[in-house]
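J.: This structure is in structure tokens; I'll ask about it shortly.
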Amino acid sequence: MNEAELGRKAGREPERQCAVTRARQPAVDLIRFVRAPDGSIVTDLAGKLPGRGVWIACSHDVVAEAVRKRVFSRALKEAVEVPGDLADRVDALLLQRTVSSLSLANKAGEVLTGFSKVERAVEARTVLCLIHASDAADDGVDKLERKHKAIAAASGANAPPSVRLLTVEQLSLALGRPNVVHAALGSGGASRKFLRDAERLLRYRGQGAASEAAA
């Protein structure tokens, strides 16, 4: 059992120090990198690869700064091959992970698509999270969001979160359906994993978190 697992077993989230900012943060708020046997740097999103790790804040700008300042070689105390576009590659990996999580939630039967079905789910208060395509028309998004918030307010609750991160094409590919513009996540473990992954990607891009509902 590693240190991270011991920390979770004891009921506390392990902390790590960002090699760039030197700030200590919960490990879940950073990204781990390790040196592969061929000397290249590998992004360890799950934080489980063997070997000494370098922890960097979950931020495109901070990862790019780590590349510019050659932080990885210094932290690992050995030569390591780091691509100049590492920050963009990490973004692509986080996006891929988010899309895969949504696909798994769909396979688990936790996703509804189509404006009418999503609207009915909002009215029935069975929505964990609303998903809108990033290139969706604003009027459709606004209509669902207003109803979402009004129903929550009437019941004295906070409105569930919304994610506007993936394009129509990306949503359609993830869900295996054509022209997906709006979707709703029901309660379930797969849905919560998608929210965590979406929040991580949003944080990396400096766009803030979707919601605390993923905790």
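J.: With surrounded by 18 or more Cβ atoms within 10 Å (Cβ to Cβ), in contact with a strand residue (DSSP E or B) (Cβ under 9 Å, 6 or more places away or on another chain) and either farther than 24 Å from residue 196 by Cβ or at pLDDT 95 or above (or both) as the only criterion, which of 111, 122 stands out?
T.: Going through 111, 122 in turn, just one is surrounded by 18 or more Cβ atoms within 10 Å (Cβ to Cβ), in contact with a strand residue (DSSP E or B) (Cβ under 9 Å, 6 or more places away or on another chain) and either farther than 24 Å from residue 196 by Cβ or at pLDDT 95 or above (or both): 111.
J.: Something else now. So residue 197 fits all but one of (1) surrounded by fewer than 16 Cβ atoms within 10 Å (Cβ to Cβ); (2) touching a Lys or Arg at 6+ places or on another chain (Cβ under 8 Å); what number is the exception?
T.: (1)
J.: Still on this structure, I have one more. In segment 66-80, how many residues are out of contact with any strand residue (DSSP E or B) (no Cβ under 8 Å at 6 or more places or on another chain) and either surrounded by fewer than 15 Cβ atoms within 10 Å (Cβ to Cβ) or under 18 Å from residue 52 (Cβ atoms) (or both)?
T.: Qualifying residue count for the region: 7.
J.: Let me ask something else. Which condition breaks for residue 51 when tested against (1) free of Cβ contacts under 8 Å to residues at least 40 places away in the same chain; (2) open to solvent by 60 Å² or more (accessible area, probe 1.4 Å); (3) in a loop (DSSP other than H, G, I, E, B)?
T.: Here residue 51 meets the rest and fails (2).
J.: Filtering segment 10-26 down to residues that are surrounded by fewer than 19 Cβ atoms within 10 Å (Cβ to Cβ) and assigned to a loop (DSSP other than H, G, I, E, B), which residue is modelled with the lowest pLDDT?
T.: Among those that are surrounded by fewer than 19 Cβ atoms within 10 Å (Cβ to Cβ) and assigned to a loop (DSSP other than H, G, I, E, B), it is 10.
J.: Could you say whether any residue in segment 27-40 is within 22 Å of the chain's Cα centre (by Cα), open to solvent by less than 70 Å² (accessible area, probe 1.4 Å) and at pLDDT below 95?
T.: Within segment 27-40, one or more residues are within 22 Å of the chain's Cα centre (by Cα), open to solvent by less than 70 Å² (accessible area, probe 1.4 Å) and at pLDDT below 95.
J.: Still on this structure, please answer the following. Consider only pairs whose beta carbons are under 7 Å apart and that are at least six residues apart or on different chains; among these, list those whose first residue lies in segment 60-81 and is touching a residue at least 60 places away in the same chain (Cβ under 8 Å) and whose second residue is assigned to a helix (DSSP H, G or I) and among the acidic types (Asp, Glu).
T.: What qualifies is 60/91.
J.: Oh, and also: So which of 214, 183 is buried (at least 16 other Cβ atoms within 10 Å of the Cβ), farther than 23 Å from residue 62 by Cα and modelled with pLDDT under 95?
T.: So the residue among 214, 183 that is buried (at least 16 other Cβ atoms within 10 Å of the Cβ), farther than 23 Å from residue 62 by Cα and modelled with pLDDT under 95 is 214.
J.: Right, another one. Being touching a residue at least 24 places away in the same chain (Cβ under 8 Å) and surrounded by fewer than 18 Cβ atoms within 10 Å (Cβ to Cβ) is the filter here; which residues of segment 160-180 pass it?
T.: 164, 167, 168, 173, 176, 177, listed by residue number.
J.: While we're here: Check whether at least one residue in segment 81-100 is open to solvent by less than 80 Å² (accessible area, probe 1.4 Å), in a loop (DSSP other than H, G, I, E, B) and modelled with pLDDT under 95, and report yes or no.
T.: No, because not a single residue in segment 81-100 is open to solvent by less than 80 Å² (accessible area, probe 1.4 Å), in a loop (DSSP other than H, G, I, E, B) and modelled with pLDDT under 95.
J.: Hey, could you check segment 130-159 for residues that are crowded, with 18+ Cβ neighbours inside 10 Å and in contact with a Ser or Thr (Cβ under 7 Å, 6 or more places away or on another chain) and say which is farthest from residue 179 (Cα to Cα)?
T.: If we take residues in segment 130-159 being crowded, with 18+ Cβ neighbours inside 10 Å and in contact with a Ser or Thr (Cβ under 7 Å, 6 or more places away or on another chain), then 130 is farthest from residue 179 (Cα to Cα).
J.: If you don't mind, there's one more thing I want to ask. Can you find a residue that is touching a strand residue (DSSP E or B) at 6+ places or on another chain (Cβ under 8 Å), assigned to a loop (DSSP other than H, G, I, E, B), farther than 30 Å from residue 56 by Cα and hydrophobic (A, V, I, L, M, F, W, C) anywhere in segment 136-146?
T.: Yes, segment 136-146 contains at least one residue that is touching a strand residue (DSSP E or B) at 6+ places or on another chain (Cβ under 8 Å), assigned to a loop (DSSP other than H, G, I, E, B), farther than 30 Å from residue 56 by Cα and hydrophobic (A, V, I, L, M, F, W, C).
The values are calculated or read from the model by the stated rules, or taken from the named source; none is laboratory data. Computed from a prediction, not measured in an experiment: that's the story for all the values here. No Cβ is skipped: glycine too gets one built from the backbone with ideal geometry, and neighbour counts run over all protein chains shown. What goes into the accessible areas is simple: the full protein's heavy atoms, side chains included, and nothing from ligands, DNA or RNA. Shrake-Rupley method; radii C 1.70, N 1.55, O 1.52, S 1.80 Å.
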